[in-house]
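Structure first, commentary second.
No value in this document is a laboratory result; all are computed from the given coordinates. Computed from a predicted model, the values in this text were never measured in an experiment. Cβ atoms come from the backbone with ideal geometry, glycine included; neighbour counts cover every protein chain shown.
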Amino acid sequence: MARRIDGKAIAASLRAALSVRVAGLAYRPGLAVILVGKDPASSVYVRSKDRAAREVGIAAHSLNLPVDTSEAALLAEIAALNADPAIDGILVQLPLPGQIRAQAVIAAIHPTKDVDGFHPLNVARLANGEVGLVPCTPQGVMKLLAATGITLEGARAVVLGRSAIVGRPMAALLLAANATVTIAHSRTSDLPGECRRADILVAAMGRAEMVRGGWIAPGATVIDVGINRLADGRLVGDVAFAEAALVAGAITPVPGGVGPMTIACLLENTVVAAEARRENENREN
Ligand code: GUN
């Protein structure tokens with residue numbers, strides 16, 4: 001039976017350490033979270049981010065704009081937050097309504113305040129193996145692997161999914177940690193076979209319980225990034241947990257695995273952004 005990787009507990013200890021770090025600062029880091037519209041799942045995420053930020057001493061500024069907000073109006077909000085010295089991090093919850101181009105919005109966020117790590121400059125830095133703000137979910141996965149004591153160097157890692165939010169940055173981080181990385185996706189031939197080669201399998205396709213027990217090598221580490229709501233209301237991952245847990249060496253549950261780590265890493269990025277920007281300002285003054 002696989003060891004259960006307790007993301008909830010690991011995230012709680014990360015948040016506790018962040019509280020201490022924030023308490024030692026001469027200022028309160030500020031995080032702006034923008035939600036356009038009232039999508040129920042997005043609203044839940046935004047409220048969780050807001051609450052978690054306050055709990056570690058970050059000043060959270062939540063902005064809920066109407067669903068018919070124009071791209072120009074959203075860009076104007078971002079310009080104001082870019083210029084606001086009290087704001088260290090800006091997060092625009094995705095997905096956005098159809099009239100707004102997500103890429104235009106992401107590119108408008110100042111790279112030093114881009115706590116999602118989605119700005120093209122931060123994407124390029126990660127791709128080049130340089131230091132920058134790193135997307136929260138893949139960074140949270142790296143911390144889970146580290147806390148579990150999983151060796152990455154030389155390990156065969158398979159990332160299922162190629163999104164800009166998870167799959168691609170996940171692969172870049174695993175590569176930077178000297179894993180041998182494969183990105184598999186919906187068009188991959190023999191997906192089960194690719195997965196069975198993995199020492200570390202990160203599932204981020206957004207398909208409920210698609211990864212079956214037979215796709216997993218005995219003893220492999222399975223990280224489930226998926227959060228899918230079934231018709232009966234149950235929340236499940238991209239991995240069929242009960243089957244997978246019989247084969248894997250270690251596995252994350254859903255919920256209580258990657259989800260809490262994503263939020264903890266957002267808070268960490270906010271503190272990192274605050275320290276970097278304000279130190280830079282001090283040097284310039
Ligand atoms: N929607 C789903 N995941 C994310 C995320 O990590 N950041 C933002 N801004 N929106 C999301």
* To do: Kindly put ARG156, ARG277, ARG101 in sequence by how many other C-beta atoms sit within 10 Å of each C-beta, fewest to most.
  => ARG101, ARG156, ARG277
* **Likely footprinting exposure, LEU31, LEU235, LEU230, fewest C-beta neighbours within 10 Å first** => LEU230, LEU235, LEU31
* Can you list the cysteines of the chain that have no other Cys Cβ under 4.7 Å away? -> CYS195
* Evaluate the relative contact order of the range 46-118 (contact order divided by residue number), counting alpha-carbon pairs under 8 angstrom at least 6 apart; express in whole percent. => 31 percent
* Asked: If you project the alpha carbons of the chain onto their three principal axes, what span does each projection cover, largest first, in Å?
  -> 56, 40, 33
* To do: Tell me, rounded to the nearest percent, the portion of alpha carbon pairs in the range 127-180 spaced more than 16 Å apart.
  => 37 percent
* **Residue order, fewest to most surrounding Cβ atoms within 10 angstrom, among LYS143, LYS49** => LYS143, LYS49
* Rg over Rh [alpha-carbon atoms, Kirkwood Rh] for the range 108-233 -> 0.98
* To do: Please work out, to two decimal places, the log10 of the ratio I(q)/I(0) at q = 0.14, 0.15 Å⁻¹ from a Debye calculation in which every Cα of the range 1-133 carries one identical scatterer.
  => -0.73, -0.82
* To do: Rank-order 35-46, 109-120 by packing density, defined as the average count of other C-beta atoms within 10 Å over each peptide's residues, highest first.
  => 109-120, 35-46
* Asked: How many percent of Cα pairs in the range 105-146 exceed 15 Å?
  -> 40 percent
* Could you check how many percent of all C-alpha pairs in the range 64-172 are farther apart than 21 Å? => 44 percent
* To do: Excluding VAL105 itself, calculate the net charge of residues whose Cβ lies under 15 Å from the Cβ of VAL105, where each Lys or Arg counts +1 and each Asp or Glu counts -1.
  => -2
* Asked: For the range 165-217, what mean projected area does the convex hull of the alpha carbons give, in nm²?
  -> 3.8 nm²
* **MRE, 222 nm, helices only [DSSP H, n ≥ 4, -39500 (n - 2.57), over the chain, to nearest 500]** => -13500 deg cm²/dmol
* **Global geometry of the range 186-253, whether rounded, prolate or oblate, following the gyration tensor of its Cα atoms and the 1.5 cut on a/c** => oblate
